[in-house]
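Remarks on the structure that follows.
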């Protein structure tokens with residue numbers, strides 16, 4: 001009974017507290033009534049004439065330079081026309097003024113207005129970008145009569161070498177949901193809707209570094225929204241932190257040379273320092289003009305780029321994969337020597353084709369090469385010799401050496417979008433195709449055909465392994481002072497020496513790469529002519545439709561004694577590597593030598 | 001009474017029809033208020049954080065959904081089992097508070113965030129529940145008309161341990177929120193008027209002492225600027241003033257959803273958390289404020305009713321502890337936004353953006369319904 005008595009007391013005290021809370025809630029409601037209803041008009045007035053504005057101080061984006069300090073991109077001021085709809089007395093009249101000054105069709109302006117229907121009316125919206133100074137002046141004159149217009153100054157990215165560096169530098173685009181989410185968890189990345197951020201290439205890769213951090217400031221504005229006074233209050237001002245400048249490993253002269261050489265062609269050129277992995281040039285053709293992306297890109301131009309059958313937005317050096325053709329013989333030679341599958345002086349007779357298991361595999365030279373040893377087979381790119389190797393080596397062994405040379409996996413370059421390519425083996429066949437590996441396929445792989453797929457960048461890494469005596473390099477776009485990150489693959493020096501010497505004869509001893517030879521700068525290389533369609537007969541490439549023609553490859557390094565440069569040229573459907581690719585590599589080395597001796601006569 | 005409880009004692013979980021009838025006897029008022037406020041909260045967070053991207057509203061939705069699940073779980077468990085387990089839960093809560101001191105992450109100036117893989121939370125919020133349970137268990141065991149000094153001291157100690165630990169995280173706002181819980185439960189459990197007066201005196205003296213010796217200058221300016229915000233519109237009075245302009249400019253019916261100049265032009269600080277009421281008041285006007293205050297009033301009144309018909313002391317005290325905390329948050333936050341109290345980082349229950357806070361308030365609602373559901377069962 002005592003318990004029940006206390007219970008009643010408990011509940012009465014509880015009810016007192018509950019009443020108290022209810023009274024307080026009512027009092028608070030009265031407080032809101034006093035502010036919102038009794039004094040609402042006063043506060044509405046204050047809000048409408050709130051003369052304080054928080055203004056973002058945009059951080060200026062970091063610049064990008066080539067290895068010699070040449071600026072590749074700059075920031076240029078650009079003027080946008082903003083419309084504050086809440087200040088407009090008559091929107092039709094406002095639009096009329098824009099039509100009369102800018103000549104933009106009325107319909108287009110209304111479409112912009114329509115797209116901002118859910119934007120608060122007092123938030124200025126962008127009507128036009130990139131106003132000329134003359135147009136700017138005409139709006140300024142109308143200032144008093146049209147207080148609804150404001151001009152915003154922002155920085156546009158200008159890529160000085162437009163197409164020539166487009167795939168490397170990338171471009172900016174309007175901030176998307178993904179970036180805004182990153183910003184939500186990372187206080188350093190202060191994105192707000194409408195900001196421009198790196199979308200591709202170096203601009204994307206080093207976004208954090210280049211961007212810096214926006215600041216914020218409270219300003220006093222006049223009735224037209226113009227800043228009349230900056231509020232000197234350190235508490236409420238956060239300075240913008242400018243983005244950091246970036247120096248790339250790129251050599252502008254070589255890059256421009258590569259881009260020029262690819263003009264009118266479809267393909268890619270990669271030039272790399274094999275000692276450090278620094279990319280000196282990386283061009284892909286066709287290219288695009290990234291300056292189009294600096295402003296909100298025009299729909300028409302965007303559609304054209306997307307629908308272009310040659311996909312100019314793709315960086316063919318690392319985003320596309322191709323059969324390597326005969327440049328793969330470099331890996332085959334090393335694999336055979338390391339596995340002691342051949343004696344380099346042993347000779348094989350080439351009669352223009354091999355008959356293996358009632359199947360005919362052709363050599364590129366229908367008349368045949370006659371008796372060839374390993375060196376001859378590389379020098380003349382004899383397929384029959386490598387068909388023999390394909391019978392002696394297991395596909396899993398070939399795959400092992402391919403991976404040692406960096407094929408089949410991403411090189412780890414500091415640029416997004418890289419493809420890994422494909423190194424086929426038995427496990428892959430089971431997993432991806434659900435069939436067992438056919439021995440005949442090994443014969444194809446031995447000459448760089450079959451399911452094997454590589455990127456031009458991977459071929460550059462592969463060639464550099466031979467140049468650097470069996471050490472694997474990780475390519476990079478940042479300038480590194482020294483090497484030290486090379487990974488020793490444990491390949492015997494003898495195998496590499498024999499392969500290297502054979503590659504020297506390709507260029508310097510009447511081999512398939514002789515069109516790349518330069519006086520005074522010894523180059524070693526390997527040509528490749530990758531079949532796009534399987535041919536049973538010898539058809540001349542010129543007689544084939546363009547999209548069925550062979551891909552042309554040339555992988556090389558120089559100078560022979562102390563390699564400083566690796567050059568890979570790849571031309572899509574270019575035909576024979578000796579004719580379509582090797583001469584371009586030569587031009588690259590000439591540019592490189594010219595750079596080394598800037599005052600060379602002639 | 002005996003025969004009545006005898007009848008209900010035969011009910012087993014398998015007895016589905018009676019179960020349903022019992023569900024019909026539960027007062028669902030707190031749940032309806034919780035859900036309505038949470039939905040208003042998500043919509044207001046979306047508008048308030050529109051500059052920061054829609055992800056804030058999405059995350060708040062996720063937390064509300066998780067909160068509903070947690071609410072269901074806490075409804076299913078028998079609250080008396082939780083009271084039995086209170087010492088273990090209390091110690092577990094304390095150990096998390098100790099853990100966060102060592103491995104916690106600093107967020108918003110306080111080292112209060114405990115990350116578990118991709119998830120994380122603030123133990124200081126969850127320890128509220130274990131502390132309420134512990135306190136209810138202890139005070140339910142004291143069956144005299146009034147508590148004596150020793151009992152009050154023990155109760156204070158139960159609360160003081162987590163409060164000191166949370167204060168050590170430099171999260172004074174959350175630490176202070178444990179005191180209304182203690183005050184509410186002590187008052188209902190029974191404190192002699194004379195003792196109450198003594199405590200009030202001690203409180204006043206220590207507040208004066210704090211002001212003179214312990215408060216940091218910024219804390220003092222906050223209070224001073226609260227008293228006269230017009231003196232320095234960009235200084236410490238800035239927030240109060242901008243908040244009042246936001247609230248006042250809403251007038252009767254508001255500026256319209258997403259159209260508040262004060263909120264959208266970033267005049268308001270912490271728009272989606274502590275100042276969410278200001279955004280609501282600006283965009284929905286006094287009409288919107290009335291709806292929200294009515295929902296809170298309904299929540300408080302219906303939970304008080306649940307406490308009053310609860311079958312045991314522990315149940316009454318548990319509801320009082322949970323509701324005191326939430327009510328204090330509501331009263332303080334609503335007053336501070338309209339300039340009636342100094343500004344402190346106290347969010348609005350069910351409305352403000354925040355994971356742990358939302359989750360714990362939903363769990364509190366679950367527990368309150370649980371107590372109502374089991375008011376007949378005699379076991």
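Values quoted throughout were computed directly from the atomic coordinates according to the rules given, and no laboratory measurement underlies them. Predicted, not measured: the structure shown is a model, and the values here were computed from it. Note: ideal-geometry Cβ built from the backbone for every residue, glycine included; neighbour counts use all protein chains shown.
Figures for the structure shown
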| read-out | value |
| --- | --- |
| Global form of the range A:426-485, assessed from the alpha-carbon gyration tensor, a/c cut-off 1.5 | prolate |
| Rough spin-label spacing in nm, given labels placed 7 Å along Cα→Cβ, for residue A:345 and residue A:100 | 9.5 nm |
| Antiparallel bridges, percent of DSSP beta bridges restricted to the protein assembly as shown (to nearest 5) | 95 percent |
| Förster radius 35 Å - calculated FRET efficiency between residue A:299 and residue B:253 (Cβ-Cβ, nearest 0.05) | 0.30 |
| Using distinct alpha-carbon pairs, which all enter the 1/r mean, Kirkwood radius of the range A:252-596 in Å | 20.2 Å |
| Gyration tensor verdict on the range B:139-221 (Cα atoms; rounded if a/c is under 1.5, prolate if a/b is larger than b/c, oblate otherwise) | oblate |
| Two-site label geometry, residue A:143 and residue A:545: point separation in nm, points 7 Å out along Cα→Cβ | 6.4 nm |
| Kirkwood Rh (inverse of mean 1/r, distinct Cα pairs), the protein assembly as shown, angstrom | 34.3 Å |
| Overall form of the range A:280-360 per C-alpha gyration tensor (a/c, 1.5; a/b vs b/c) | prolate |
| Angle between chain A longest axis and helix A:106-115 axis [Cα atoms, degrees, rounded to 10] | 80 degrees |
| Expected 222 nm ellipticity per residue - DSSP helices of 4 or more, -39500 (n - 2.57), all of the protein assembly as shown, to 500 | -15000 deg cm²/dmol |
| Where the Cα pairs of the range B:28-373 fall when distances are cut into 10 Å bins, in % | 5, 24, 33, 26, 10, 1 |
| Degrees between helix A:582-596 axis and first principal axis of chain A (Cα, 0 to 90, nearest 10) | 70 degrees |
| Efficiency of FRET from Cβ geometry, residue B:205 and residue B:25, R₀ 56 Å, rounded to 0.05 | 0.70 |
| Packing-based exposure ordering (other Cβ within 10 Å, fewest first) of A:65, B:328 | A:65, B:328 |
| Rounded to 10°, Cα long-axis angle of helix A:456-467 versus longest principal axis of chain A | 50 degrees |
| Computed FRET value (nearest 0.05) for residue A:121 with residue A:162, which takes r as the C-beta separation and R₀ as 35 Å | 0.35 |
| Highest-first arrangement of A:334-344, B:76-86, where packing means the average Cβ count within 10 Å | A:334-344, B:76-86 |
| Relative contact order for the range B:236-336, counting Cα pairs under 8 Å that sit 6 or more residues apart, in percent | 25 percent |
| Relative contact order (%) - chain A, alpha-carbon pairs under 8 angstrom, separation at least six | 13 percent |
| Equivalent ellipsoid dimensions for the range A:1-140 as semi-axes, Å, which come from the Cα gyration tensor, largest first | 59, 27, 15 |
